[in-house]
Structure formats: structure tokens, C-alpha cells
């Protein structure tokens, strides 16, 4: 008799708890359930828990997973970087250089860099009869002819004439292993006279 009474009480408790959840008021969605937002503890639910009114299981995890299944997953758009063709900072100038009327033959073509005529260092130095030293560590170019000394540095616009610094329009650069120097700056540092003819793109140096 006591066992029957205990089983009856347990059955009533289970019936009451399940019916309280299923009888929980509120509008249901197309799946027969909804999410609890008010008085959740009163109905034996957790805040934000999704449950069914038609006897289906109730679980916040099921809710989140089922709701995610209804959402369309959008793939992030990936755009390929646009590669711009960059023009070289220099171009061949076709400049003809004459020293005391003698045309200098360059193994590498003179170039235009930062609107300045640059010529290969070795040939212009030989044509002007100057001696050249080069320090690889500091990339410093030393030029000497008689009592005149000139110091240039690759990548720097600062030029020293007998110890006095001036700023050139362009710095010496290295192109494919060849060191280029500003033609007018180089010749001027050795006390040479210059005459540029734009009509035939020539530079006449007198020394």
C-alpha cells in the first residue's frame, strides 16, 4: 500500500512538472515552441531557454543549434590585391658627353634620374683625368684631380667640394652594378666648364 502511494506521488510530481512547462503561456513559432524570456523559473525553465509546447524537447543548446541551422552561412568575400605596374625611377637618356671635344664612350648608357643627367662614374672620371676611390662600407666616392677634391656618397645629395658641402639635385645611385653620378656636379667639382645643348642632347665639358 505504501509503495503504491509513493509511486502515485512521484507520478503526480512528474506530471505536474512536465505539464507546467508545456502549459507555459506564449506564442509558438512554426516548430511548435518558443524561447522563454519572462518568469522562466516559475515554469521550471532557464532564462533564454527554447522549449516546445507540443511535447518536444526543450534545450537552449538545441535552440541555438537549430536556429543556426536556419541561418544561411555567408562566406567572407576575398578580393585579390591589385598589383600596379611601377615605372622605373630612371630611364636611359641618350646623352652624349664630350670632354675637350672628345666624345666619351660609355659601356652603360647615361640615364635620367630625378630630372638629372647621370653618367657612369668610371668613364667620366677617366675622361676628366681624375682618380677615384670607393669605400664599400660607407659607399663614399672620393674624387681627386690636382688640388681639387670632391666627395660623394651613394644615396645622398650632399656633395663636398674641398671640404665645403653643397646639395645636388640628385644623389649618386647604383644600377645593375654600375655607379652613376650627376654629370654636371661631377664636372663642376673638378673645375671644368659645362655647356649643355638640348637640341642634340649633348654635354660639352672643357677642362
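Tabulated values for the structure
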| read-out | value |
| --- | --- |
| Strands (runs of 3 or more DSSP E) (entirely within the range 145-207) containing at least 1 residues that are more than 18 Å from residue 106 (Cβ to Cβ) and over 42 Å from the mean Cα position of the chain (by Cα) | 148-153, 193-197, 202-206 |
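Yes or no, residue by residue, for (1) modelled with pLDDT of 90 or more; (2) in a loop (DSSP other than H, G, I, E, B); (3) within 20 Å of residue 206 (Cβ to Cβ):
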site: 105; (1), (2), (3): yes, yes, yes
site: 109; (1), (2), (3): yes, yes, no
site: 124; (1), (2), (3): yes, no, yes
site: 138; (1), (2), (3): yes, yes, no
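The values are calculated or read from the model by the stated rules, or taken from the named source; none is laboratory data. Keep in mind that this is a model prediction, so the values were computed, not measured. FYI the Cβ positions are ideal-geometry reconstructions off the backbone, even for glycines, and counts take in every protein chain you see.
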